[in-house]
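Read through the structure below, which is laid out as C-alpha cells, and then see the notes.
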Amino acid sequence: MSNSDTVPALTDARGMGGIIAQDGFDYQLWDGLVRLPAWLANPAFEEMIFEGLEDLEARFFAPHAPRERLLERYQAKVGALAPADVRAVLQNFFEFEAAYPSAARVQTLVTPRLPPTVSWLARDPERVRRARPFYAPFSDVMAASDAELQKQLMDTYGDALGAFVAASVEISERNLPAHDAAVVMFRLELDRVFPTLEVSQKRVSAAFDALSLLARRSIGAPLARAILCQTIEGAIGRPLPLPETFPLHIRSDRNEVNGESLEINASPFSGGDGAFPSQADWTDNLLAPLSRTSNWLKWQSVPRITLSGSYRLTTAMAIGHAFRSAVGFELDIPTRDGFWATDERPSPDMKQPWRISEPNALHGDQLIVSVGVLRDPSADLEQTASIPAQSVLAMYLKEPISSAKSAQAAVSVIKRTVDIAVARLRPQGVQLYFAGPAALAVALGHRWNAVAPTQLHEFVMSKRSYVPTALI
C-alpha cells in the first residue's frame, strides 16, 4: 500500500477539511479553550494547534515516549451523529495510530450527545476512569472492570478496533450551544484548576475572547504555551498562579499519577519484591528519561526543580545526578520534615563526626566507596561482595541527617574524600555502596561531578547481598 493512500497528511482532504470549511469551528474552538486551563497547569504541556491533522491537538513533553513527545487529539462533532458516524470517527483514530504508532496518548471524540444506542461509550469508560484512583491498591478489581469494558467494545466494534478504543480513546459529551455557555465553562475550569485566582467575570470573558481571536488568526499553526499564558494574563491583569519552581514527580509502585507535575515513571524500579532490573533496563528506562528531562528543562531555562514521590536509593542518586549542580539545577528534595534545598549551604564551622577509613589500594581498577548514615555498609562488603576492608574507602556517620544544611555538609565531606582518593589512586571506575536516607542520596547525586563512571549497588535483604543497579 502507498503512503499517499493510507497515511494521514496535512494536505489531504481530511487535513484540509477545517481550513476549507469553517462549519462547526466555533464548537471545536470553544471546547479547546475550555480545556486550556488544565493544560497550562500541566508543566509538560508545550503547545496546541487547531486544524492540524485533527480538529484540535495538544502536544506534551513525555520523557518515556519514543519521540519524547505525545499528542492529545480531539475530533469535535457538533451535529447529530448516527452510530455509523461514531464508528467512522473511531476508525479514523485507529488509522492514525496505525500510521503513527504511539504518537498519541489519547484520542477523543467530542460531541454534545451520542446516539442513544451507543451512549454507554461515554458513560461506562468514564465510570471506570473516575473510580481508578480509589481502587489503585486493588489491581485485580480494576483488571476485571477493564477486561469487561474491553469485551463490550470488542463485541461492538470487532477485536482490533475494540481493543484499540478500550486502550486509547475517550468520548466526551460536552454541550456548548453558544458563546456565552462556552465562557461559563471556561470560567468554571479556571476556578477548578486555579482556585486561588480571583478575577471578575468581565476579565474572564475578555481572556476567552482574546484567546478566540488568537486561535482564529492561527488556524493550522501552533500556539505555544508562552503566548497562551501571555494572552490570558494580559486580559485578566495578573499572572496565573503557576508554581514558581518546576514540579517533577517520581512515580513508584506506591503512588498514582500526579497531573500537576511532569512525571518520571520509576515504578518498575521500586524493587518491592526485592528484585532489581538489569543494568540495561536502568539505563534505557530510567537514566535515559531523566537525561531527556534534564535536557528539556535546560532548553526551557528552568533553574530549580521541586521533587515529589517516593523512590529507592539508586533512583534517588540517579535523580540528583541527572539534575546536578554542574548542569545548572538546584533541587528542593522532599523529606518527612519539609524540603531540603540543595543551595542551603552549611556554615564553615558545622562539623559532623564522620569515621573515615582510607583504602590502601584499588580493588582491581575500581575505587570501592562505602557511605553509611546510622548503618555502616562496609561491614558487609567482605562477606557479601568479597571485598577486603583495606580496599574500601569507608565513610560512616553515627548520627542522623536532620536538615538541608547538615545534608550539604555531609555531601561536602563525602565528595571531598572521594575526590582525594580518586586523585591518589586513579581508578577506572567507582563502585558505590550507600546506606542512608534517600534525600541524602539525591543531594549526593546532585554534587557527583567529575567522578569516574560510578556503579551503584543496593542491598537485597532476602539474599543478604548487594546487587549492581545503575551506572552513572
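The values are calculated or read from the model by the stated rules, or taken from the named source; none is laboratory data. Since the structure is predicted, the reported quantities are computational estimates derived from the model, not experimental observations. Note: ideal-geometry Cβ built from the backbone for every residue, glycine included; neighbour counts use all protein chains shown.
For the reader, a short list of remarks on this structure follows.
- Tally, over the stretch 228-241, of residues that are of a type in the set (A, V, I, L, M, F, W, C) and under 23 Å from the mean Cα position of the chain (by Cα): 3
- Exclusive hit being within 28 Å of residue 65 (Cα to Cα) and either modelled with pLDDT of 95 or more or acidic (Asp, Glu) (or both), set 155, 140: 140
- Cross-chain or 6+ apart pairs with Cβ under 8 Å, the stretch 223-236 first and surrounded by 18 or more Cβ atoms within 10 Å (Cβ to Cβ), then of a type in the set (Lys, Arg): 235/203; 236/203
- Yes/no for residue 280 being surrounded by fewer than 20 Cβ atoms within 10 Å (Cβ to Cβ), of a type in the set (Gly, Ala, Ser) and within 30 Å of residue 424 (Cα to Cα): no
- Against the list (1) at pLDDT below 95; (2) over 23 Å from the mean Cα position of the chain (by Cα); (3) surrounded by 12 or more Cβ atoms within 10 Å (Cβ to Cβ), the condition residue 260 fails is (2).
- The listed residues are 297, 223, 287, and the only one of them that is touching a helix residue (DSSP H, G or I) at 6+ places or on another chain (Cβ under 8 Å) and either farther than 30 Å from residue 462 by Cβ or among the β-branched types (Val, Ile, Thr) (or both) turns out to be 223.
- Of all residues in the stretch 185-196, those being of a type outside the set (D, E, K, R), closer than 16 Å to residue 236 by Cβ and in a helix (DSSP H, G or I) number 4.
- Residue selected from the stretch 344-357 under the condition surrounded by fewer than 14 Cβ atoms within 10 Å (Cβ to Cβ) and of a type in the set (D, E, K, R), by the criterion modelled with the lowest pLDDT: 349
- Flag for residue 361 being touching a residue at least 60 places away in the same chain (Cβ under 8 Å), assigned by TED's automatic domain parsing to the domain that holds residue 404, surrounded by fewer than 13 Cβ atoms within 10 Å (Cβ to Cβ) and in contact with a helix residue (DSSP H, G or I) (Cβ under 8 Å, 6 or more places away or on another chain): yes
- Residue ID - surrounded by the most Cβ atoms within 10 Å (Cβ to Cβ), chosen from residues in the stretch 285-342 that are hydroxyl-bearing (Ser, Thr, Tyr) and in a helix (DSSP H, G or I): 315
- Of all residues in the stretch 245-257, exactly one satisfies the criterion of being at pLDDT 95 or above and assigned to a loop (DSSP other than H, G, I, E, B), namely 245.
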